[in-house]
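Here is the structure we will look at, set down as C-alpha coordinates.
The values are calculated or read from the model by the stated rules, or taken from the named source; none is laboratory data. Values in this document were obtained by computation on a predicted structure and should not be read as measured data. Every residue, glycine among them, receives a Cβ derived from its backbone with ideal geometry; neighbour counts consider all protein chains shown.
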Amino acid sequence: MVIITCLQVILRYVFDSGIVWGLEATSYAFLWMVLLGLSYGVRTNSHIAADFLITRVPRRSRRLLLLLSVALGLIYALTMLYGTYIYVERLYLLEIHAQNIPLPKWLLSSVLPFGFFLLLLRLVQLAKQIYLGQKETVGMANEQVSLTGSEE
(Lines give C-alpha, C1' and ligand atoms only; values in the text may rest on other atoms or scores of the structure.)
Protein backbone atom coordinates (compact mmCIF):
# COMPACT_ATOMS: atom_id res chain seq x y z
CA MET A 1 0.00 0.00 0.00
CA VAL A 2 2.77 2.44 0.89
CA ILE A 3 4.76 1.47 -2.20
CA ILE A 4 1.78 2.06 -4.49
CA THR A 5 1.07 5.42 -2.86
CA CYS A 6 4.70 6.58 -3.12
CA LEU A 7 4.90 5.42 -6.71
CA GLN A 8 1.65 7.22 -7.48
CA VAL A 9 2.99 10.50 -6.00
CA ILE A 10 6.28 10.25 -7.92
CA LEU A 11 4.52 9.44 -11.18
CA ARG A 12 1.98 12.23 -10.73
CA TYR A 13 4.34 15.05 -9.73
CA VAL A 14 7.51 14.09 -11.61
CA PHE A 15 6.20 12.50 -14.81
CA ASP A 16 2.70 14.05 -14.93
CA SER A 17 1.28 10.53 -15.14
CA GLY A 18 -0.12 7.99 -12.68
CA ILE A 19 -1.40 4.51 -12.02
CA VAL A 20 -5.08 4.30 -12.92
CA TRP A 21 -5.92 1.69 -10.28
CA GLY A 22 -3.57 3.04 -7.58
CA LEU A 23 -6.04 4.99 -5.46
CA GLU A 24 -8.68 2.27 -5.57
CA ALA A 25 -6.15 -0.44 -4.66
CA THR A 26 -4.80 1.50 -1.69
CA SER A 27 -8.36 2.28 -0.52
CA TYR A 28 -9.29 -1.41 -0.48
CA ALA A 29 -5.98 -2.35 1.16
CA PHE A 30 -6.63 0.23 3.89
CA LEU A 31 -10.16 -1.12 4.36
CA TRP A 32 -8.81 -4.65 4.84
CA MET A 33 -6.12 -3.50 7.30
CA VAL A 34 -8.54 -1.48 9.44
CA LEU A 35 -11.26 -4.11 9.63
CA LEU A 36 -8.89 -6.97 10.39
CA GLY A 37 -7.06 -4.72 12.85
CA LEU A 38 -10.24 -4.06 14.84
CA SER A 39 -10.48 -7.61 16.16
CA TYR A 40 -6.72 -7.89 16.54
CA GLY A 41 -6.72 -4.77 18.71
CA VAL A 42 -9.38 -6.27 20.98
CA ARG A 43 -7.45 -9.54 21.20
CA THR A 44 -4.15 -7.87 22.11
CA ASN A 45 -5.78 -5.27 24.38
CA SER A 46 -4.15 -2.49 22.36
CA HIS A 47 -7.09 -0.15 21.78
CA ILE A 48 -6.87 3.14 23.64
CA ALA A 49 -9.11 3.23 26.71
CA ALA A 50 -10.33 6.25 28.66
CA ASP A 51 -10.32 4.92 32.20
CA PHE A 52 -10.90 8.06 34.27
CA LEU A 53 -14.32 6.81 35.41
CA ILE A 54 -13.57 3.09 35.60
CA THR A 55 -10.64 3.47 38.00
CA ARG A 56 -12.70 5.54 40.47
CA VAL A 57 -15.53 3.08 41.08
CA PRO A 58 -15.60 -0.06 43.27
CA ARG A 59 -14.48 -3.32 41.71
CA ARG A 60 -18.02 -4.73 41.34
CA SER A 61 -19.29 -1.56 39.67
CA ARG A 62 -16.19 -1.53 37.48
CA ARG A 63 -17.03 -4.97 36.15
CA LEU A 64 -20.60 -3.88 35.38
CA LEU A 65 -19.40 -0.75 33.57
CA LEU A 66 -16.91 -2.79 31.54
CA LEU A 67 -19.61 -5.31 30.62
CA LEU A 68 -21.89 -2.42 29.61
CA SER A 69 -19.19 -0.96 27.35
CA VAL A 70 -18.58 -4.37 25.76
CA ALA A 71 -22.35 -4.82 25.31
CA LEU A 72 -22.48 -1.49 23.45
CA GLY A 73 -19.60 -2.70 21.28
CA LEU A 74 -21.50 -5.92 20.60
CA ILE A 75 -24.59 -3.96 19.53
CA TYR A 76 -22.42 -1.89 17.20
CA ALA A 77 -20.70 -4.97 15.75
CA LEU A 78 -24.02 -6.78 15.22
CA THR A 79 -25.55 -3.75 13.52
CA MET A 80 -22.55 -3.31 11.24
CA LEU A 81 -22.38 -7.04 10.49
CA TYR A 82 -26.01 -7.02 9.39
CA GLY A 83 -25.66 -3.86 7.31
CA THR A 84 -22.42 -4.85 5.62
CA TYR A 85 -23.76 -8.32 4.84
CA ILE A 86 -26.72 -6.74 3.03
CA TYR A 87 -24.36 -4.35 1.22
CA VAL A 88 -22.02 -7.11 0.00
CA GLU A 89 -24.97 -9.32 -0.95
CA ARG A 90 -26.42 -6.53 -3.11
CA LEU A 91 -23.05 -5.94 -4.75
CA TYR A 92 -22.98 -9.63 -5.60
CA LEU A 93 -26.55 -9.77 -6.90
CA LEU A 94 -26.14 -6.64 -9.02
CA GLU A 95 -22.77 -7.88 -10.33
CA ILE A 96 -21.06 -4.56 -9.69
CA HIS A 97 -17.36 -4.46 -10.54
CA ALA A 98 -14.66 -2.22 -9.15
CA GLN A 99 -14.04 0.91 -11.15
CA ASN A 100 -10.37 0.36 -12.08
CA ILE A 101 -9.57 -3.12 -10.77
CA PRO A 102 -10.77 -6.12 -12.80
CA LEU A 103 -12.47 -7.80 -9.84
CA PRO A 104 -16.05 -7.87 -8.59
CA LYS A 105 -16.66 -5.24 -5.95
CA TRP A 106 -18.31 -7.75 -3.61
CA LEU A 107 -15.04 -9.68 -3.43
CA LEU A 108 -13.02 -6.59 -2.58
CA SER A 109 -15.63 -5.51 -0.01
CA SER A 110 -16.12 -8.95 1.55
CA VAL A 111 -13.86 -7.94 4.43
CA LEU A 112 -16.69 -5.74 5.74
CA PRO A 113 -18.92 -8.49 7.19
CA PHE A 114 -15.91 -10.72 7.87
CA GLY A 115 -14.14 -8.02 9.90
CA PHE A 116 -17.24 -7.22 11.94
CA PHE A 117 -17.84 -10.93 12.53
CA LEU A 118 -14.29 -11.28 13.89
CA LEU A 119 -14.85 -8.20 16.06
CA LEU A 120 -18.06 -9.76 17.37
CA LEU A 121 -16.21 -12.95 18.32
CA ARG A 122 -13.45 -11.02 20.09
CA LEU A 123 -15.97 -8.91 22.01
CA VAL A 124 -17.80 -12.05 23.17
CA GLN A 125 -14.45 -13.45 24.36
CA LEU A 126 -13.68 -10.18 26.13
CA ALA A 127 -17.10 -10.15 27.84
CA LYS A 128 -16.50 -13.70 29.08
CA GLN A 129 -13.07 -12.75 30.45
CA ILE A 130 -14.50 -9.70 32.24
CA TYR A 131 -17.41 -11.70 33.63
CA LEU A 132 -15.06 -14.39 34.99
CA GLY A 133 -12.77 -11.74 36.50
CA GLN A 134 -9.83 -12.60 34.24
CA LYS A 135 -9.67 -9.07 32.81
CA GLU A 136 -10.18 -5.66 34.40
CA THR A 137 -9.69 -3.39 31.38
CA VAL A 138 -10.91 -3.20 27.80
CA GLY A 139 -7.92 -1.43 26.31
CA MET A 140 -4.57 0.18 26.92
CA ALA A 141 -5.30 2.91 29.47
CA ASN A 142 -1.84 3.53 30.91
CA GLU A 143 0.38 3.40 27.85
CA GLN A 144 3.61 3.96 29.77
CA VAL A 145 3.03 0.93 31.99
CA SER A 146 1.80 -1.16 29.06
CA LEU A 147 4.82 -0.39 26.89
CA THR A 148 7.63 -0.49 29.43
CA GLY A 149 6.22 -2.96 31.94
CA SER A 150 6.83 -0.59 34.88
CA GLU A 151 5.47 2.73 36.00
CA GLU A 152 8.07 5.47 36.27
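Only one of these is at pLDDT 85 or above, within 20 Å of the chain's Cα centre (by Cα) and of a type in the set (Lys, Arg): ARG122, ARG90, ARG63. Name it.
ARG122
Applying the selection to the stretch 106-119, what residues are surrounded by fewer than 19 Cβ atoms within 10 Å (Cβ to Cβ) and part of a helix (DSSP H, G or I)?
Result: LEU107, PHE114, PHE117.
Is it true that TRP32 is surrounded by 14 or more Cβ atoms within 10 Å (Cβ to Cβ), over 14 Å from the mean Cα position of the chain (by Cα) and more than 30 Å from GLN134 (Cα to Cα)?
For TRP32, the condition - surrounded by 14 or more Cβ atoms within 10 Å (Cβ to Cβ), over 14 Å from the mean Cα position of the chain (by Cα) and more than 30 Å from GLN134 (Cα to Cα) - is not met.
Please go through the stretch 37-81 and pick out each residue that is assigned to a loop (DSSP other than H, G, I, E, B) and either touching a residue at least 40 places away in the same chain (Cβ under 8 Å) or of a type in the set (Gly, Ala, Ser) (or both).
If the condition is that a residue be assigned to a loop (DSSP other than H, G, I, E, B) and either touching a residue at least 40 places away in the same chain (Cβ under 8 Å) or of a type in the set (Gly, Ala, Ser) (or both), then ASN45, SER46, HIS47, ALA49, ALA50, ASP51 are the ones that fit.
Mind checking whether some residue in the stretch 72-82 is over 22 Å from LEU126 (Cβ atoms) and aliphatic (A, V, I, L, M)?
Step one: of the stretch 72-82, the residues over 22 Å from LEU126 (Cβ atoms) are none.
Checking the stretch 72-82: not a single residue is over 22 Å from LEU126 (Cβ atoms) and aliphatic (A, V, I, L, M).
Which number in (1) at pLDDT below 90; (2) in a helix (DSSP H, G or I); (3) in contact with an Asp or Glu (Cβ under 9 Å, 6 or more places away or on another chain); (4) over 24 Å from GLN125 (Cβ atoms) marks the one condition that ASN100 misses?
(2)
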